[in-house]
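Reviewing the structure listed below.
The values are calculated or read from the model by the stated rules, or taken from the named source; none is laboratory data. Computed from a prediction, not measured in an experiment: that's the story for all the values here. Virtual Cβ from ideal backbone geometry, glycine too; neighbours counted across all protein chains shown. When the accessible area is computed, the model is the full protein with side chains, heavy atoms only, and any ligands, DNA or RNA have been set aside. Shrake-Rupley method; radii C 1.70, N 1.55, O 1.52, S 1.80 Å.
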Amino acid sequence: MIKFFLMVNKQGQTRLSRYYEHIEINKRTVLEAEVIKNCLSRSKDQCSFIEYKDFKLVYRQYAALFIVVGINETENEMAVYELIHNFVEVLDKYFSRVSELDVSFSV
């Protein structure tokens with residue numbers, strides 16, 4: 001099950017967030033800061049799956065955007081990894097060349 005979906009730029013600013021379970025606002029900001037720090041600190045040679053607290057993070061980088069999905073432990077990481085790619089392809093077709101500006105102002 002997907003717990004949250006984040007789009008973040010390289011500076012660590014959240015451009016889009018969607019939570020699929022209730023989390024208080026102050027806990028969301030702490031969670032986002034820690035998740036972003038974990039994902040941005042990894043090199044391109046490292047795996048795109050991270051175990052974090054009681055869930056897993058699946059992320060993918062597209063130019064200046066990182067897309068991070070938090071899932072429970074029973075979810076298939078590869079399926080979510082492909083879901084991220086399909087989501088970006090849809091955005092790319094709809095907006096014709098997805099960029100950080102498209103996400104922050106159009107979505």
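Pairs from the list K27/K93; K3/K93; K10/K56; K27/K56; K56/K93 with a Cα-Cα gap above 23 Å: K27/K93; K3/K93; K56/K93.
A straight line joining the Cα centroids of the stretch 47-64 and the stretch 1-20 runs 11 Å. What longest region of the chain stays clear of GluC sites (Glu not before Pro) that DSSP places outside H, G, I, E and B and that have at most 10 other Cβ atoms within 10 Å? Result, exposed sites excluded: 25-72.
For the stretch 33-50, the Karplus equation 6.51 cos²θ - 1.76 cosθ + 1.60, evaluated at θ = phi - 60°, returns couplings of 4, 5, 5, 4, 4, 5, 6, 6, 7, 8, 7, 5, 7, 7, 4, 8, 10, 10 Hz by residue, with Gly and Pro reported as x. Under 5 Å from the amide H of A64 lies no amide H of any residue 5 or more positions distant or on a separate chain, with H modelled from the backbone and absent for Pro and chain starts. Per residue, the chain exposes 63 Å² of solvent-accessible protein surface, assessed with a 1.4 angstrom probe and all protein chains in place.
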